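For reference, the structure discussed in these notes is given below.
The values are calculated or read from the model by the stated rules, or taken from the named source; none is laboratory data. None of the values given here were measured: they were computed from a predicted structure. Cβ: placed from backbone, ideal geometry, glycine included. Neighbour counts: every protein chain shown. The area values use the complete protein model at the heavy-atom level, side chains included, leaving out ligands, DNA and RNA. Shrake-Rupley method; radii C 1.70, N 1.55, O 1.52, S 1.80 Å.
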Amino acid sequence: MRRTLLSVLLLAALPATVAIAADSPEAAVQLAQDAIIVDTHIDAPGELQSHWDDLGVLTPNKEFDYPRARHGGLDVAFMSIYTSPTEDAEGKAWQSAHAQIDAIEALVQRHPDKFALLRSPGDVERLRAGGKVLLTFGMENGAPIGDDLGELAKFHARGVRYITLAHSENNRISDSSYAHDKKWQGLSPFGGQVVAEMNRLGIMVDVSHLSDDAIRDVLAATDVPVIASHSGVRHFTPGFERNLSDELMQAIAAEGGVVQLVFGTAFVNPQAAADMVAHFQARAALARENEALAAAGKPLRSKDEFEKAWAAAHPVPDTHIDAVLDQVDHAVKLVGADHVGIGSDFDGVGGELPAELKSVADYPNLVAGMQARGHDEETIRKVLGENLLRVWAAVEAAARR
Ligand SMILES: [Zn+2]
């Protein structure tokens, strides 16, 4: 049910008096355009570092660009300032984060008619007038701040409005859900200070990627609601700690926070999630084997060969939008319509996405799916963006700068 740009242009040309049935595809497109859509996780900045494109024009080899964002009704895109544990280990995370922010600022300056930088939720209505897509920053992995709390204020000044405390490995701040051996059994002592300073500055704390214990520690430490910027529902992927358990979703909601549901196949398809867990375990086993080989002075097994063989043996399962809608239904039923949102992970999962949610052009498909499953307009608007803006405003209002 993917709609072409032409069909939307034709729709926009319809006189206002033409009645549109509430559950028609046109109604979904219309609601996606009218509602404020906030997507809290788009990895475009990292993609620009590996291959530059002008995202102000149609860029089919990527999942975010201006024409498709407009087509999909996207209003606020959190650009993910992602740095890897490897960059952290090599001392390159701070540099990489600033370069990615620069790249997005350059994009906005190149197209001031299409994009604007967003620093406060209170500016959304004013800035989105005229069809602009508003860009703001979420930092994925707290690595760029190193061990210096003072860096938080500097990144806040550059526009960073949430920080995912850790990524795929334990770091100075927190344990990671993906880490086989946890270092801190939750947040580190420094991590506790980071959460307090983020509260003070008005930077949202993002618990996606964290271990269960770390999420519980964050909830105990924070004075304000938190977000999970791009997480799935563990109910559908048992044993996959990267997705949130019912208990943790309820705890996040109880403190007023919001769970932004992710679209990536690995998070919504049970087989793909199981494969991912097994992949991490196999990778860790290979690393241990290579350590032993190195210690014995023998040649190491090739990581590239391992990855190639793994990919060949574990094809990505075909996945459809129903898998995402199942998670939306479960989350709304469990924690209520006020605590669910969306964080796609577009440009961050190597194209491994449900067939009907392949790019920022496709939010109308999500709207149509929610309508078909009986969610009312109020719920859909909350999930699309109002909930996230509410949490952001609460965090901003509680800042003590
Ligand atoms: Zn991520």
| field | Residue tally, condition within 16 Å of the ligand (Cβ to nearest atom), touching a residue at least 40 places away in the same chain (Cβ under 8 Å) and within 23 Å of A278 (Cα to Cα), over region 229-260 | value | 6
| said: Going through D148, D123 one at a time, which residue ends up being of a type in the set (D, E), open to solvent by 10 Å² or more (accessible area, probe 1.4 Å), within 27 Å of F64 (Cα to Cα) and at pLDDT 95 or above? | reply: D123
| task | Mind listing whichever residues of region 64-89 are within 16 Å of the ligand (Cβ to nearest atom) and either in contact with a Cys (Cβ under 9 Å, 6 or more places away or on another chain) or open to solvent by 10 Å² or more (accessible area, probe 1.4 Å) (or both)? | result | Y82, S84, P85, T86, E87, D88
| In this structure, does H71 turn out to be of a type outside the set (F, W, Y), closer than 21 Å to Y363 by Cα, in a strand (DSSP E or B) and in contact (Cβ under 8 Å) with a residue 40 or more places away in the chain? | no
| task | Please determine, by comparing only the residues of region 286-319 that are in contact with a Leu (Cβ under 8 Å, 6 or more places away or on another chain) and more than 24 Å from K358 (Cα to Cα), which one is surrounded by the fewest Cβ atoms within 10 Å (Cβ to Cβ). | result | P299
| task | Output the residues belonging to region 5-50 that are more than 16 Å from the ligand (Cβ to nearest atom), assigned to a loop (DSSP other than H, G, I, E, B) and modelled with pLDDT of 95 or more. | result | A35, I36
| Count of residues meeting criterion [assigned to a loop (DSSP other than H, G, I, E, B) and either in contact with a Lys or Arg (Cβ under 7 Å, 6 or more places away or on another chain) or more than 16 Å from the ligand (Cβ to nearest atom) (or both)] in region 327-348 | 2
| said: For the list (1) modelled with pLDDT of 95 or more; (2) open to solvent by 30 Å² or more (accessible area, probe 1.4 Å); (3) under 28 Å from K62 (Cα atoms), I need the number of the one condition that V277 fails. | reply: (1)
| request: Return yes when S245 is of a type in the set (S, T, N, Q) and farther than 23 Å from P85 by Cβ and no when it is not. | output: yes
| note | Subset of region 188-219, residues in a helix (DSSP H, G or I), free of Cβ contacts under 8 Å to residues at least 60 places away in the same chain, more than 16 Å from the ligand (Cβ to nearest atom) and touching a helix residue (DSSP H, G or I) at 6+ places or on another chain (Cβ under 9 Å), comes to G191, G192, V194, V195, A196, E197, M198, D212, R216, D217, V218, L219
| Got at least one residue in region 319-337 being in contact with a strand residue (DSSP E or B) (Cβ under 6 Å, 6 or more places away or on another chain), more than 14 Å from V233 (Cβ to Cβ) and modelled with pLDDT of 95 or more? | no
| From the set of residues in region 349-361 that are touching a His at 6+ places or on another chain (Cβ under 7 Å) and in a loop (DSSP other than H, G, I, E, B), which is surrounded by the fewest Cβ atoms within 10 Å (Cβ to Cβ)? | A355
| remark: Given (1) assigned to a loop (DSSP other than H, G, I, E, B); (2) open to solvent by less than 20 Å² (accessible area, probe 1.4 Å); (3) away from the ligand (no atom under 16 Å from the Cβ), T136 misses just (1)
| message | With the structure loaded, tell me whether V324 is more than 25 Å from E125 (Cβ to Cβ), among the hydrophobic types (A, V, I, L, M, F, W, C), in a helix (DSSP H, G or I) and open to solvent by less than 10 Å² (accessible area, probe 1.4 Å) or whether it fails that test. | response | yes
